[in-house]
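Undergrad: Take this structure, written in structure tokens, and hold onto it; I'll ask about it next.
The values are calculated or read from the model by the stated rules, or taken from the named source; none is laboratory data. Because the structure is predicted, anything quoted here is derived from the model rather than measured. Using ideal geometry, Cβ is built from the backbone for each residue, glycine included, and neighbour counts are taken over all protein chains shown.
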There are 2 protein chains.
Amino acid sequence: MFESFRRYITEKANLTPDELEMILAASIQKKLKKKQYLLQEGEVSRYNTFIVKGCLRQYRTGNDGAEHIIRFAVEDWWISDRESLTTGLPSKSYIDCLEDSELLLWTKDTFNELKIKIPELRAFEERTLARSFNATQNRIHIAISYTPEEKYQNFIQSFPNIFNRVPLYMIASYLGISRETLNRIRKQFAHK
Amino acid sequence: MFESFRRYITEKANLTPDELEMILAASIQKKLKKKQYLLQEGEVSRYNTFIVKGCLRQYRTGNDGAEHIIRFAVEDWWISDRESLTTGLPSKSYIDCLEDSELLLWTKDTFNELKIKIPELRAFEERTLARSFNATQNRIHIAISYTPEEKYQNFIQSFPNIFNRVPLYMIASYLGISRETLNRIRKQFAHK
DNA sequence: CGATTCTTTGAAAACAGTCAATCTGTGTGG
DNA sequence: CCACACAGATTGACTGTTTTCAAAGAATCG
């Protein structure tokens with residue numbers, strides 16, 4: 001289970017073996033089955049979570065009770081409700097598993113201590129956050145300017161490792177269109 | 001011109017007078033008139049910019065050439081193309097002035113040096129970024145789950161200091177709906 | 001005043017959402 | 001191995017909303 005994280009972090013950050021082991025030693029291992037929650041609305045998000053294996057989603061519910069997916073996350077991604085994690089306020093979102101998953105968790109405090117001891121870890125987190133921020137901004141651009149068809153095309157291009165792994169109606173939710181519409185788009189699409 | 005920044009930063013960050021002066025001394029002052037560009041697509045964004053006075057917008061153009069507004073920014077906000085700034089790649093967006101504006105700029109390198117010398121500045125930037133990230137994520141939720149009317153209501157609630165300062169068609173662009181639709185929504189709205 | 005710039009309006013067409021029913025595949029328990 | 005239940009996908013008809021197009025009206029600025 002650690003092996004996967006070792007490979008990932010070695011590629012992305014310039015850590016000494018000691019630093020790497022220190023990080024691993026501070027982690028909490030967790031396995032969740034499909035449909036189990038990592039976080040529920042109203043709870044305070046306390047962990048930085050790395051996905052070793054599996055697939056999760058973060059979603060919120062609207063006034064009508066419908067689920068709206070904020071993001072998907074698979075192997076080698078991080079997931080948490082950053083807003084709740086940074087502010088300490090109750091989370092507005094849920095995080096649950098779409099597949100049986102293996103996770104590595106660090107509490108906020110533990111991770112902060114690690115960042116103090118290991119400057120490269122802080123730098124790594126900054127880089128990761130910056131990329132995540134850019135992706136989020138890009139998604140806004142897509143949300144306000146693409147047609148439904150373009151959104152779908154963009155999705156399968158951007159996430160080839162996700163789109164065939166999650167139900168269609170969840171992709172529709174992620175894109176902000178109805179599952180029927182997405183289904184029709186996909187049908188046209190196949191004719192080409 | 002510095003006075004405004006002094007007030008702002010004193011309230012938000014715990015800096016010594018020396019540190020504050022060091023930051024100011026490193027800044028570049030700039031005045032731009034309405035419609036002038038701070039950044040154009042294809043250029044590399046090199047500055048962290050604080051808005052002393054005025055109103056700017058960041059936008060991208062779609063395939064059809066239409067402008068899609070990523071964000072607005074007014075006094076006491078920061079603006080830049082973070083993606084270009086962090087990656088060093090050409091910007092995909094434009095930033096221009098909706099009003100005559102007064103700005104304080106720091107080059108990426110200058111700002112990095114300041115952050116090294118002044119840890120509290122780095123902490124401050126992290127807090128600012130975190131809030132900005134949360135706002136961006138929240139906007140995605142709105143984009144994929146709110147009706148146009150709800151989007152507009154939310155906008156005027158969230159940005160009371162912006163909505164009566166920028167043309168309606170730009171708000172429409174920001175919200176991802178046509179100007180005609182927004183106009184009609186607003187008319188209904190007035191009847192209540 | 002004249003020229004932009006922005007807003008408003010109407011009518012038609014395109015589009016996406018909703019509803020309701022059916023179909024398909026998968027996994028579970030008997 | 002079958003039957004059933006469940007999750008998800010698909011389809012058609014219909015409804016409602018939004019976009020588009022075109023034109024006319026305000027408002028603002030030099």
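Undergrad: Scanning for something in contact (Cβ under 8 Å) with a residue 60 or more places away in the chain and exposed (fewer than 13 other Cβ atoms within 10 Å of the Cβ), does the range A:4-22 turn up at least one residue? Before the answer, list the steps.
TA: Looking only at the range A:4-22, we keep the residues that are in contact (Cβ under 8 Å) with a residue 60 or more places away in the chain, and these are A:4-5, A:8-9, A:12-15, A:19, A:22.
Filter once more, so that each one left must be exposed (fewer than 13 other Cβ atoms within 10 Å of the Cβ): A:12, A:14.
Yes, that holds for at least one residue.
Undergrad: Quick one: count up the residues across the range A:129-151 that are of a type outside the set (F, W, Y) and more than 7 Å from chain B (Cβ to nearest Cβ).
TA: 11
Undergrad: Still on this structure, I have one more. Looking at B:N138, B:N154, B:N134, B:N183 in this structure, which one is of a type in the set (S, T, N, Q), within 16 Å of DNA strand D (Cβ to nearest atom), surrounded by 14 or more Cβ atoms within 10 Å (Cβ to Cβ) and free of Cβ contacts under 8 Å to residues at least 24 places away in the same chain?
TA: Exactly one of B:N138, B:N154, B:N134, B:N183 is of a type in the set (S, T, N, Q), within 16 Å of DNA strand D (Cβ to nearest atom), surrounded by 14 or more Cβ atoms within 10 Å (Cβ to Cβ) and free of Cβ contacts under 8 Å to residues at least 24 places away in the same chain, namely B:N154.
Undergrad: Looking only at the range B:157-180, which residues are closer than 27 Å to A:R60 by Cα, more than 13 Å from DNA strand D (Cβ to nearest atom) and either surrounded by fewer than 16 Cβ atoms within 10 Å (Cβ to Cβ) or without any contact (Cβ under 8 Å) to a residue 40 or more places away in the chain (or both)?
TA: The answer is B:Q157, B:S158, B:P160, B:F163.
Undergrad: Another question, if that's okay. Which one of these does B:K192 not meet: (1) modelled with pLDDT under 95; (2) within 13 Å of chain A (Cβ to nearest Cβ)?
TA: Just one mismatch for B:K192, condition (2).
Undergrad: Continuing with this model, one more query. Within the group A:E83, A:E125, which residue is modelled with pLDDT of 95 or more and either under 25 Å from A:E11 (Cβ atoms) or surrounded by fewer than 17 Cβ atoms within 10 Å (Cβ to Cβ) (or both)?
TA: Result: A:E125 is the single residue among A:E83, A:E125 that is modelled with pLDDT of 95 or more and either under 25 Å from A:E11 (Cβ atoms) or surrounded by fewer than 17 Cβ atoms within 10 Å (Cβ to Cβ) (or both).
Undergrad: Scanning for something out of contact with any Leu (no Cβ under 6 Å at 6 or more places or on another chain) and more than 16 Å from DNA strand C (Cβ to nearest atom), does the range B:159-181 turn up at least one residue?
TA: Yes.
Undergrad: Report the residue count in the range A:21-66 for those that are at pLDDT below 95 and of a type in the set (D, E).
TA: 1
Undergrad: Could you identify the single residue in B:K33, B:K12 that is within 29 Å of B:K117 (Cβ to Cβ) and under 20 Å from the mean Cα position of the chain (by Cα)?
TA: B:K12
Undergrad: Same structure, new question: For the range B:25-79: of the residues being more than 16 Å from DNA strand D (Cβ to nearest atom) and of a type in the set (S, T, Y), which is surrounded by the fewest Cβ atoms within 10 Å (Cβ to Cβ)?
TA: My answer is B:Y37.
Undergrad: Exactly one condition in (1) more than 25 Å from A:F155 (Cα to Cα); (2) out of contact with any Ser or Thr (no Cβ under 6 Å at 6 or more places or on another chain) is not met by A:V74; state its number.
TA: A:V74 satisfies every listed condition except (1).
Undergrad: Test of understanding: among A:L129, A:L121, which residue is in contact (Cβ under 8 Å) with a residue 40 or more places away in the chain, in a helix (DSSP H, G or I) and either within 20 Å of the chain's Cα centre (by Cα) or within 14 Å of DNA strand C (Cβ to nearest atom) (or both)?
TA: A:L121
Undergrad: Let me ask you something else. Within the range A:105-124, is there a residue that is touching a Gly at 6+ places or on another chain (Cβ under 9 Å), away from DNA strand D (no atom under 16 Å from the Cβ) and either of a type outside the set (A, V, I, L, M, F, W, C) or within 14 Å of chain B (Cβ to nearest Cβ) (or both)?
TA: Taking every residue of the range A:105-124 in turn, at least one turns out to be touching a Gly at 6+ places or on another chain (Cβ under 9 Å), away from DNA strand D (no atom under 16 Å from the Cβ) and either of a type outside the set (A, V, I, L, M, F, W, C) or within 14 Å of chain B (Cβ to nearest Cβ) (or both).
Undergrad: Mind checking which strands (runs of 3 or more DSSP E) fall wholly inside the range A:1-103 and carry at least 1 residues that are more than 14 Å from B:Q137 (Cβ to Cβ), within 12 Å of chain B (Cβ to nearest Cβ) and in contact with an Asp or Glu (Cβ under 9 Å, 6 or more places away or on another chain)?
TA: Values: elements: A:28-32, A:37-39, A:47-53, A:55-61, A:67-74, A:94-97.
Counting at least 1 such residues, we get A:55-61.
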